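Working notes, beginning with the structure itself.
Rule-based calculations on the coordinates, nothing more; no lab input. Remember, predicted model here, so these are calculated numbers, not experimental data. Because the Cβ atoms are built from the backbone with ideal geometry, glycine has one as well, and the counts that use them run over all protein chains shown.
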Amino acid sequence: MSLTGIKPTGEPHLGNYIGAIRPALELTATYESIYFIADYHALTSIRDRAQFAAYTRSVAATWITLGLDPEQTTFYKQSDVPEIFELTWILSCVTGKGLMNRAHAYKAARDRNAESGAADLDAGVNMGLFNYPILMAVDILIMGSDVVPVGQDQVQHVEYAADIAGSFNHLFGSEYSLKIPTALIPAGTGARTMPGTDGRKMSKSYGNTIPLFAPPSRLRKLVRGIVSDSTPVEEPKDPDSSAAFQIYENFATPDDVKDMRVRLEQGGTGWGELKNALYETLEAWLTPLRARYDELVAPGSELDAILAAGAEKARDRARPVLAGARRAIGVDS
Ligand code: ADP
Ligand code: TRP
C-alpha cells in the first residue's frame, strides 16, 4: 500500500501537477493507494481561518478533478482522523529530541535566524514545526504503509518514520509491531522542475505560480507575463532558454512541441506567439476540468460526502493500529 500526504498551503499550480499530482495518480495502477490532505501540518504556518479552509478545499477538489477516484482509493482529511493525534503522543515518547533537532525543516528555520543575526535561533519556531516529523511518521505508520511516494525533500521524514517505528518495536516488542515504511521517489519526480513566470522554480514561496484553476482571463495574463528575452521576432531563438517553452513541453503534444521548437530555432516566430500557443493549449486542457473543479469547490458540494466517507475508511484502518499500540505500551491490558 502506498500513502501520500498533501499539505494545503496554497492554490495548487502547474508545477505541483507535473511534479507531484500526476506521478502520484499514476501509482494507483501499481499500488493500493491512500491520499490525504495534511491540514494539521499546514497549521504550523497558517493563521487565517478562511484561508486555511479555502486551501484545504481547493487542494481536495483539485485532486479529485485531476483524476483521483475516491471509490478506488482512500481519500480523507488528516484532521478527521483523531486516532492520528493519540498515536502522535505515544510515539513522541519514544523519539529522541536529538532526532528532531536534525530535521531539515527545523534546521532550515534556525539557519535563517542565524543568517539574519537573531539572538534566539528558535525565534518564530513553534512546537508544531519542531514536532512535524513525528506527526508525519504517524500519518504513515497508522495506515500500515509500505511505500511513501515523496519528493527528495521529504525522504528524510520517511526515514524518520522508519526509525521511530523501529524504536517503538524495539521498546515495546510484543506480538504487536508497526510496519516499517520506505520512501519511493516516482520516476520523473524532481528530475525536471518546472519554471514559474519569473524563470525560477515555480513555487508558492516565490509568488511566480500559474494556479491550475485560475479563470481564463487570469490565466492569459499570467502566461503573457512569463519572462522572455528581447530577441526580435525574426531572429533564431533558443527554446530551452525559455520558461514558456519549458512549460509548453509539459502540456502540448510531442508533435506540437517539435514544431514549435523548429519554428523558434529558425526565427520568424516570436515569444508572443509561443505564449499564445501555450495559453491555448492550457485552456483546451483546463476548460472541462475547471467546470468540475468549480462544482466541487463550492460550499456544500459532494466533496463533503467524499471526504466523510474517506475519513470512515481511514479510521477503520487506524483504529486497530492505535489499539495495538495502546496494548503494547500497557495502557490497555
Ligand atoms: P511549493 O514550492 O509551491 O510550495 P510544494 O513544496 O508544496 O510546492 O510542493 C508540493 C509538491 O509539488 C512536491 O512534491 C514538489 O516536488 C512538487 N513541485 C512543486 N513545485 C514544483 C515545480 N516547479 N516543478 C515540479 N514539481 C514541483
Ligand atoms: N510533509 C509533507 C510535505 O510537506 C506532507 C505530508 C504530511 C506527508 N504527512 C505525510 C507526505 C505523510 C507523505 C506522507 O509535502
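Sort Trp63, Trp89 by Cβ crowding within 10 Å, fewest neighbours at the top. If you can, show how the numbers build up before the last one.
Numbers: Trp63 21, Trp89 10.
In increasing order of surrounding Cβ atoms, one gets Trp89, Trp63.
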On the formula 1/(1 + (r/R0)^6), with r taken between the Cβ atoms of Asp304 and Arg218 and R0 of 22 Å, the FRET efficiency rounded to 0.05 is 0.25
Checking the cross-link filter: which lysines have an alpha carbon closer than 29 Å to that of Lys7, excluding same-chain neighbours under 8 positions apart?
Lys77, Lys97, Lys107, Lys179, Lys201, Lys204, Lys221, Lys313
Round to the nearest 0.05 the FRET efficiency obtained for Glu295 and Ala323 when R0 = 30 Å and r is the Cβ-Cβ distance.
0.20
Within the set Ile37, Ile134, Ile46, GNM on the chain using Cα springs under 10 Å gives the largest fluctuation to Ile46
From the gyration tensor of the Cα coordinates in region 134-255, what semi-axes in whole Å does the equivalent ellipsoid have, largest first, with each one equal to sqrt(5λ)?
45, 15, 12
Segment Asp111-Ile185, extension gain: residue separation times 0.36 nm, minus the distance between their alpha carbons:
24.0 nm
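I'd like to know how the chain sits against the 2.2 N^0.38 Å rule of thumb: what's its Cα Rg over that expected value? Kindly include the intermediate steps, with their values, before the conclusion.
On the way: Rg = 22.3 Å, N = 333, 2.2 N^0.38 = 20.0 Å.
Relative to the rule-of-thumb radius for its length, the chain sits at 1.12.
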Of Val262, Val138, how do they rank once you tally other Cβ atoms within 10 Å and put the fewest first?
Val262, Val138
Computed, not fitted: 222 nm per-residue ellipticity of the chain from DSSP H runs ≥ 4 (each -39500 (n - 2.57)), nearest 500, equal to -16500 deg cm²/dmol
Tell me, how many Å apart are the Cα centres for region 273-333 and for region 165-230?
16 Å
Selected from Ser33, Ser174, Ser242 as most flexible by GNM, with the chain as the system and alpha-carbon contacts under 10 Å
Ser174
Looking at the chain, what % of its DSSP beta bridges pair antiparallel, to the nearest 5?
15 percent
Quick numbers on region 213-294, Rg and Dmax over C-alpha atoms in Å, give 13.2, 42
Would you work out the relative contact order for region 213-294, in percent, from Cα pairs under 8 angstrom that are 6 or more residues apart?
39 percent
q = 0.22, 0.32, 0.33 Å⁻¹: log10 I(q)/I(0) that the Debye formula gives for region 203-247, counting C-alpha atoms only
-0.87, -1.22, -1.25
Report the gain in length on full extension from Ser177 to Asp255: 0.36 nm times residue separation, minus Cα-Cα distance, nm rounded to one decimal.
22.8 nm
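Return the ratio Rg/(2.2 N^0.38 Å) for region 1-154, where Rg is computed over Cα atoms only. Don't skip to the answer; put the middle values down first.
Working: Rg = 16.4 Å, N = 154, 2.2 N^0.38 = 14.9 Å.
Against the empirical 2.2 N^0.38 Å value, I get 1.10 for region 1-154.
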Show which aspartates and glutamates lie in cross-link reach of Lys258 when reach means a straight Cα distance below 17 angstrom and same-chain residues fewer than eight apart are skipped.
Asp238, Asp240, Glu249, Glu273, Glu280
